[in-house]
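Participant: Structure below; questions to follow.
The values are calculated or read from the model by the stated rules, or taken from the named source; none is laboratory data. None of these values were measured; they are calculated from a predicted model. Note: ideal-geometry Cβ built from the backbone for every residue, glycine included; neighbour counts use all protein chains shown. To get the accessible areas, we keep the full protein, side chains included, count just its heavy atoms, and leave off ligands, DNA and RNA. Shrake-Rupley method; radii C 1.70, N 1.55, O 1.52, S 1.80 Å.
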Amino acid sequence: MAEEKAPEVDYTLNNPDTLTKYKTAAQISHKVLEAVGALCFEGEKIVEICQKGDKLLDEEITKVYKGKKISKGISHPTTVSPSSYVTPYTPLVSDAAEAEIVLKAGEVVKIQLGAQIDGFGTIVCDMLVVAKKDSKDVITGREADLITATHYANEVLLRLMVPQGLLAQGTEEEKKKASAQKAPTQAYMSSLLEKIAKTYDCTVVENTTSWLFGRNEIEGEKKIILSPGNGVRGDGVPEVGEVWGVEVGLSLGSGKVKNLDHRATLHRRTTTTYGLKRPSSRQTLSEVVKKFGTFPFSLRQLEDEKAAKVGVVECVRAGVLRQYEPAGETDGSAVSRLLTTVAITKNGLTKLAAAAPVDLEKVKSDKKLEDEEILKILEQPPCPLHRSQEEQEQEEDHQDRGC
């Protein structure tokens, strides 16, 4: 008698377990992000903050889905990027000079990290102005301009991620008409964010990219690129049933990017296969596959950091590992970044992993948005974008039970 094939598992958002796993990963990401932010004061070493962040991620991940035969781990290592850095930065203990880099009061740093459950990863990035310990000063000046502009740019971009039909209100005919409208183009998205940036004397960082997420994938087939450079273009629009990593990056300078003179310490496994010749390379790849799968990792997370620095060379050359080149603002100006993991369901857009909203009482810019089109977008009703997590979960639970 022929063996019956096991039914295929539905890994889309149609399966309630998928959203539950995303939300569980997000809760961990939020908790650790808050803890890491509390470590970011003047004089603190970046490498030590990153180490503590990864330790916290590991500790929180071990507390969930105990005894379940599913993969779980870090979807993005803890990175703390100094003021002018555009890309995530995570130095190594074995690189003496970089291991001594400390945070400076007044600089804008970006914290990025994430967790994954069963391959469903959430990544979140927040920004903050480094303060002296116990300082509670209100942020003003150019840093306030940058943070305020990034806040509004992020709010507008998230609203533009919602398919037109989900925002519709009124009669069935009005809803049908709204559903038939084309999604905002990436050029339109860029133009709006550039208007916001200009209001605050900032610029959008070139090639800021939002990606479609999937199981074991944080750079899917679709992407949205803001302020693309020559020959660069995004592809695809957000749709119901998708999870995206939505990114906004602004600069107080040109918005142009250059590679930095630092070792690439952040890597990710590719789908390329290759017969590695060196034992050290094979050992490094084996450890990467076992610990991180296809999610990004830092060389400092490997068992022997110095051996990994040697083993990774052939892996990158052969294309089995991709290295993320450290990059920063060409003129050294301060750069901001927010990254939000969102799920688009028939009920609207759910922020899975997101930075805490900017407290505009503590960030005081003397500039003000006055563009009517942008203000109209920001005035869109809180449903579906900003309902509380509890309200959304209650509604989804009612629907699951046929209420």
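Participant: Mind telling me which of the residues G53, G114 ends up being of a type outside the set (K, R), assigned to a strand (DSSP E or B), touching a residue at least 12 places away in the same chain (Cβ under 8 Å) and open to solvent by less than 10 Å² (accessible area, probe 1.4 Å)?
Facilitator: Going through G53, G114 in turn, the sole match is G114.
Participant: I've got another one for you. Among the listed residues V312, V288, V316, V335, which satisfies the condition of being surrounded by fewer than 20 Cβ atoms within 10 Å (Cβ to Cβ), at pLDDT 95 or above and under 30 Å from A96 (Cα atoms)? Talk me through it step by step, then tell me what you get.
Facilitator: On the way: V312 fails: surrounded by fewer than 20 Cβ atoms within 10 Å (Cβ to Cβ); V288 fails: surrounded by fewer than 20 Cβ atoms within 10 Å (Cβ to Cβ); V335 fails: surrounded by fewer than 20 Cβ atoms within 10 Å (Cβ to Cβ).
Only one candidate qualifies: V316.
Participant: Any idea which of (1) at positive phi; (2) without any contact (Cβ under 8 Å) to a residue 40 or more places away in the chain; (3) surrounded by fewer than 15 Cβ atoms within 10 Å (Cβ to Cβ) is the one E59 doesn't satisfy?
Facilitator: Every listed condition holds for E59 apart from (1).
Participant: Please enumerate the residues belonging to segment 88-111 that are open to solvent by less than 10 Å² (accessible area, probe 1.4 Å) and of a type in the set (S, T, N, Q).
Facilitator: Matches in segment 88-111: T90 only.
Participant: Can I ask one more? Considering only segment 246-277, how many residues are more than 23 Å from the chain's Cα centre (by Cα) and more than 22 Å from S94 (Cα to Cα)?
Facilitator: 6
Participant: What is the residue count in segment 64-84 for residues that are open to solvent by 40 Å² or more (accessible area, probe 1.4 Å) and part of a strand (DSSP E or B)? Even if it seems obvious, please write down each step before you answer.
Facilitator: Filtering segment 64-84 down to residues open to solvent by 40 Å² or more (accessible area, probe 1.4 Å) leaves 65-72.
When the remaining residues are screened for being part of a strand (DSSP E or B), the result is 72.
Residues meeting the conditions: 1.
Listed here are the residues, each with its yes/no results for (1) closer than 30 Å to A131 by Cα; (2) small (G, A, S).
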position	(1), (2)
I147	yes, no
N154	yes, no
K195	yes, no
D201	yes, no
I218	no, no
P228	no, no
P238	no, no
G245	yes, yes
N259	yes, no
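Participant: Follow-up. Which residues, counting only those in segment 1-41, are open to solvent by 20 Å² or more (accessible area, probe 1.4 Å), at pLDDT 95 or above and touching a Gly at 6+ places or on another chain (Cβ under 9 Å)?
Facilitator: Of everything in segment 1-41, those that are open to solvent by 20 Å² or more (accessible area, probe 1.4 Å), at pLDDT 95 or above and touching a Gly at 6+ places or on another chain (Cβ under 9 Å) turn out to be K21, A35, L39.
Participant: Moving to a separate point now. Among the strands (runs of 3 or more DSSP E) contained in segment 159-277, which hold 2 or more residues that are in contact with a helix residue (DSSP H, G or I) (Cβ under 9 Å, 6 or more places away or on another chain)?
Facilitator: Counting at least 2 such residues, we get 208-213, 223-226, 242-251, 266-269.
Participant: What's the total number of residues in segment 291-304 that are part of a loop (DSSP other than H, G, I, E, B) and either modelled with pLDDT under 95 or not hydroxyl-bearing (S, T, Y) (or both)?
Facilitator: Here is the first cut: in segment 291-304, the ones part of a loop (DSSP other than H, G, I, E, B) are 293-296, 302-304.
Now restrict to residues that are either modelled with pLDDT under 95 or not hydroxyl-bearing (S, T, Y) (or both): 293, 295-296, 302-304.
The number of residues fulfilling the criteria is 6.
Participant: Another one. Between a first residue in segment 5-30 that is at negative phi and a second residue that is assigned to a helix (DSSP H, G or I) and among the hydroxyl-bearing types (S, T, Y), which pairs have beta carbons less than 7 Å apart while being 6 or more apart in sequence or on different chains?
Facilitator: Listed pairs, sorted by first residue: Y11/T18; T12/T18.
Participant: Return yes or no: is T87 under 18 Å from the mean Cα position of the chain (by Cα), part of a strand (DSSP E or B) and hydroxyl-bearing (S, T, Y)?
Facilitator: Judged against the criteria, T87 is not a match.
Participant: T78 - would you say it is free of Cβ contacts under 8 Å to residues at least 12 places away in the same chain and touching a Lys or Arg at 6+ places or on another chain (Cβ under 9 Å)?
Facilitator: no
Participant: With (1) over 26 Å from T122 (Cβ atoms); (2) modelled with pLDDT of 95 or more as the list, and A187 as the residue in question, which single condition is left unmet?
Facilitator: Result: A187 passes all but (2).
Participant: Just to be sure I understand the filter: pairs with C-beta atoms under 7 Å, separated by 6 or more residues or on different chains, first member in segment 365-393 and among the basic types (K, R), second member modelled with pLDDT of 50 or more. Which pairs pass?
Facilitator: Going by the 7 Å Cβ cut-off, the qualifying pairs are K367/D145; K367/T199; K367/Y200.
Participant: On to the next question. Taking segment 213-233 on its own, how many of its residues are more than 28 Å from D118 (Cα to Cα) and small (G, A, S)?
Facilitator: Count: 3.
Participant: Continuing with this model, one more query. Limited to segment 338-370, what total is found for residues that are more than 20 Å from Q112 (Cα to Cα) and either open to solvent by less than 50 Å² (accessible area, probe 1.4 Å) or not in a loop (DSSP other than H, G, I, E, B) (or both)? Spell out how you get there, then give the answer.
Facilitator: Taking segment 338-370 and keeping what is more than 20 Å from Q112 (Cα to Cα), we get 344-349, 360-370.
If we keep only those that are either open to solvent by less than 50 Å² (accessible area, probe 1.4 Å) or not in a loop (DSSP other than H, G, I, E, B) (or both) too, we end up with 344-345, 347-349, 363, 365, 369.
Number satisfying all stated conditions: 8.
Participant: Still on this structure, I have one more. If I filter segment 123-141 for residues that are over 23 Å from P91 (Cβ atoms) and open to solvent by less than 30 Å² (accessible area, probe 1.4 Å), do I get at least one hit?
Facilitator: no
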